[in-house]
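Only one structure is covered here, and it is reproduced in the block below.
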Amino acid sequence: MAQAREARTRLCAAHGWPESAIELVPVRASGDKVQDRPLAEIGGKALWTKELDQWLGEGHIDGAVHSMKDVETLRPDGLAIAAILPRADVRDVLIGAVSVSEIPRGARVGTSAPRRAAQMLYHRPDCEIVTFRGNVATRLARLAAGEAEVTLLAAAGLGRLGENGVGTPLDPDDWIPAPAQGAIGIECRADDARAHALIAAIDDGFSRASVMAERALLASLGGTCHSPVAALSIREGDAIRLRAILFSPDGNERVEGDCRVVPGDGAAPAALAADLLARATAGISAHFVGPA
């Protein structure tokens, strides 16, 4: 809802509309309803999109607001990503310790993200991973209740909820975020030209280019909710330097690489994916299925 309110504010500012011109329609996703198991065990990222897809398709809503890191790389042909909002802080935030190196030995780390789990085990193989799902408040409450000593949350999500002072942001050069982390996207029906044009007015060019490059990488990797993959886009003039790391789930193995991407270029991320898979060990490649 915080993301939907941000989208409404930007649309109203772009078009000179009063806030009342846009109705926010709450849709409870399956991913919110089931919180005791990892996403990969109950249907993957589609659990965050299928209800919104249905409401869009049936015409109950004109646009759907998504956290782009939770949107599948292959989307229905009848839908279009009309806008990517200016991307927020891409970093992860560590809560419960001031740095990864100062986490107590043998500590329990609460997360349900394969990337965070593998990356933590790569840096701190002594730690134990325990499953944490739920919204920000739920995960902070579980941490406070002693179910884990530390957890990791997205800086962007904390910021949108006014929790900027919580935890320690991790340097993205050392701790690589998830593909599309920090990005809000708005989808509409592909044949709804009017809605597409109105929403596209708040599209941010660099944010779109970086998110689409990272999504193209994921598509070529065949990554799923089981796949520990991290990606970071850095602006290089009119282009992007895309860095990616694939991990084995236990964090013992990793392979990394980077490429230069110009906006709209899907070939460079695809080539990077092919290179990473060619150099990956069996412990890594078993969790990626190759190009979709």
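The values are calculated or read from the model by the stated rules, or taken from the named source; none is laboratory data. Only a predicted model underlies this, so the values are computations on that prediction, with no experimental measurement involved. Cβ sites come from the backbone with ideal geometry, for glycine too, and all protein chains shown count toward neighbours.
Entry remark, segment 92-124: residues being among the small types (Gly, Ala, Ser) and farther than 18 Å from residue 250 by Cβ number 4 in total. The helices (runs of 4 or more DSSP H) found entirely in segment 1-60 that carry 3 or more residues being at pLDDT 90 or above and surrounded by 13 or more Cβ atoms within 10 Å (Cβ to Cβ) are 2-15, 50-57. Screening residue 186 on (1) assigned by TED's automatic domain parsing to the domain that holds residue 68; (2) surrounded by fewer than 21 Cβ atoms within 10 Å (Cβ to Cβ) shows it passes everything except condition (2).
Taking segment 107-181 as the region of interest, the helices (runs of 4 or more DSSP H) fully inside it that hold 3 or more residues being more than 18 Å from the chain's Cα centre (by Cα), modelled with pLDDT under 95 and surrounded by fewer than 16 Cβ atoms within 10 Å (Cβ to Cβ) are 136-144. Those residues that are among the small types (Gly, Ala, Ser) and in contact (Cβ under 8 Å) with a residue 40 or more places away in the chain, I need them from segment 163-196; list them, please. Once the filter is applied, which keeps residues that are among the small types (Gly, Ala, Ser) and in contact (Cβ under 8 Å) with a residue 40 or more places away in the chain, segment 163-196 yields 167, 178, 180, 182, 183, 185, 190, 195. Beta carbons closer than 8 Å, at least 6 apart along the sequence or on distinct chains, pair a first residue in segment 265-292 that is assigned by TED's automatic domain parsing to the domain that holds residue 210 with a second that is of a type in the set (Asp, Glu) and part of a helix (DSSP H, G or I) for 269/214.
Matching residues to (1) outside the structural domain of residue 69 (by TED's automatic domain parsing); (2) in contact with a Ser or Thr (Cβ under 9 Å, 6 or more places away or on another chain):
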| site | (1), (2) |
| --- | --- |
| 129 | yes, yes |
| 147 | yes, no |
| 157 | yes, yes |
| 163 | yes, no |
| 174 | yes, no |
| 196 | no, no |
| 208 | yes, no |
| 215 | yes, yes |
| 224 | yes, no |
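Just to verify a result, which residue in segment 184-209, among those that are of a type in the set (D, E, K, R) and part of a helix (DSSP H, G or I), is nearest to residue 265 (Cα to Cα)? The extreme case among them is 208. The set of residues from segment 84-106 being part of a loop (DSSP other than H, G, I, E, B) and within 21 Å of residue 141 (Cβ to Cβ) comprises 96, 97, 103, 104. When the residues of segment 70-106 are filtered to those that are polar (S, T, N, Q) and outside the structural domain of residue 199 (by TED's automatic domain parsing), which remaining residue is surrounded by the fewest Cβ atoms within 10 Å (Cβ to Cβ)? Here the answer is 101.
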